[in-house]
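Read through the structure below, which is laid out as structure tokens, and then see the notes.
No lab work stands behind these numbers, since they all come straight from the coordinates. All values derive from a computational prediction rather than experimental measurement. Positions of Cβ are generated from backbone atoms using ideal geometry, with glycine treated the same way; all protein chains shown enter the neighbour counts.
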Amino acid sequence: MTISIASVSFNRGISKKIFLWGAPLIIAFSYGVLACQADLRLSIASLAGASALIMVFLSFALYLGEARGIGWSPRTIILLAIAFRLMFLFRLPELSDDIYRYLWDGLTILHGNNPYAFAPSGAKILSAEFTELLGHVNHPQLITLYPPAAQILFAAGALAGGLVGIKALFFVLDIALCAIILRILSRMSMPPSRAVLYAWHPLPILEIAGSGHIDGAGIFFLLLAFMLLLPASKITNSYTKNTWLAPTAAGLAFSGAVLVKLFPLIFFPALLFLAGSKGRKPFMLGAVAGASALSIPFLPGLYNMFITLDIYVHNWEFAGFAFQSLHSIFPSGSIARQILAALFLLITAALYASLSRKRNAAEGINISSLFPAAFETAYCLTLAFLLLTPTLHPWYALYLACLLPFVPEVAGLVLSWAVLLSYQVLINFTLLGTWEENEAITAIIWAATAGALILSWIARGSNLGISLCGRTPPR
């Protein structure tokens, strides 16, 4: 009997070591395969297959971390996150050309001009550098729609070294974001192994290190705001603690997140709840002060950003299955957009009403207990937005990916991978110059996510020991 027990223990130890070494090697090999592709736009099948394999191992890592406590140290997670991103940092951006607009805006600021004053195609005097760059800028007839904090980051990246400088700046912020995720997990007494769901996820590696999308910087500031509001100790209660420094700093961070991309505005009520009755005013003061300091230098031209934003909201569409379905029923696209907007507002109101009830229950007890509910609310809001938006570019799902370590739901895991399938449109665009969206791919992305969501509900309702999201369902 003793020998049998020892043998089982030995075999488990060997299996654990094989996984802890083998999983990162297979993930690294998968990224290596993608990094060796001559042009990712023509390698969408490899992109989908390699990223799917990575997601399988990340899901397996989640299960082992939750069920058996098997995982990697924070240092290992960060070091491998750096290594995976370095494979794509020095590649030209192939999956998206947004970074050329970033560089244009950044260089415009460095030359002493306001990027909100004129569209790239309306520039009167162009140096050779600007003339060459103009050919790569998308929608050059439109004034930039990126907010002031993004513009400052564009200028800093351009000053650091053009395209590579911008990507390197976002790379640094993304690694800092991985460290913030680990810090929040530690404070919430969650396994650090959950951090791999973002740190090693294909989406941030391809979209931030590879394509240089600004969204990573917005997520950095957003989670920094969450971290600053999270008490360092479980017994700390920020509803009664008389302090203003942390909520003010959180407000400043939140203003940075919103003025990188406007999307984080939907999380404003959640952060107000987390700030508590005594921290609410300092948080709002910090947010207003930060937004004012970032915006004033770009006045009065800043108003033009909203004109471009209005054009985007009323006209852009891509990979939005819900919108396409409604648009087939209602000839007017504006009606379809209004229905989806109303539905999202109803979902938002319901989620925040639920969070408000939980806030009232937590008030006067321990604010730390509200954070899991706040992250779940943020996750549900983001998932709803991505399923309802008329325009679903893959990098939009970065806001979902950053929440997976705190809410490791199967639907989020599926959607954050499935959005990469929409890059199928790049094959014909690269070879033939035609932008033809495949409606079947759009339907698959939506159906896979909805199916995963339904399965997770069934798993919880059937009282399985471990649900599909890695948590034990209520009994």
Find how much the distance from residue 111 to residue 53 grows on full extension, using 0.36 nm per residue of separation minus their present alpha carbon separation; answer in nm with one decimal. 16.3 nm
Per the Kirkwood definition applied to all pairs of different Cα atoms, how many angstroms is the hydrodynamic radius of the chain? 23.5
Figure the gain on full extension for residue 42 and residue 458 (residue separation times 0.36 nm, minus the Cα-Cα span) and round it to one decimal in nm. 145.9 nm
Quick check on the exposure proxy: order 255, 15 from fewest to most C-beta atoms within 10 angstrom. 15, 255
Using the per-residue mean of other Cβ atoms lying within 10 Å as a proxy for protection, in what order, highest first, do the peptides 225-231, 183-189 fall? 225-231, 183-189
Would you list the membrane-span-like helices of the chain, meaning whole DSSP H runs whose alpha-carbon atoms span at least 18 Å along their axis and whose mean Kyte-Doolittle value is at least 1.6? 44-67, 74-89, 148-187, 215-229, 371-388
Run the helix sum for the chain: -39,500 (n - 2.57) per DSSP H stretch of 4+ residues, divided by residue count, reported at 222 nm to the nearest 500 deg cm²/dmol. -22000 deg cm²/dmol
With a Förster distance of 25 angstrom and the Cβ-Cβ distance between residue 280 and residue 187, calculated FRET efficiency to the nearest 0.05 equals 0.75
Hey, rough spin-label estimate for residue 83 and residue 25, points 7 angstrom out along Cα→Cβ, what's it come to in nanometres? 1.1
Once the other residues with Cβ under 10 Å from the Cβ of residue 227 are scored (Lys, Arg +1; Asp, Glu -1), what is the net sum? +2
For residue 265 and residue 431, extending 7 Å from Cα along the Cα-Cβ vector and measuring point to point gives, in nm, a value of 4.2
Distribution of pairwise C-alpha distances over the stretch 74-318, 10 Å bins, in %: 7, 28, 33, 22, 8, 1, 0
Coordinate range along principal axes, alpha carbons of the stretch 252-410, Å, largest first: 52, 43, 25
Could you calculate the contour length gain from residue 339 to residue 164, that is, 0.36 nm times the residue separation minus the distance between their Cα atoms, to one decimal place in nm? 58.9 nm
Simple label model, 7 Å out from Cα along Cβ direction - residue 313 to residue 18, nm: 5.6
Among the listed pairs 281/358; 124/261; 17/261; 124/167, those beyond 31 Å (Cα-Cα): 17/261
Which chymotrypsin sites (Phe, Trp or Tyr not before Pro) in the stretch 358-439 sit in a loop by DSSP (not H, G, I, E or B) and have at most 13 other Cβ atoms within 10 Å of their own Cβ? 435
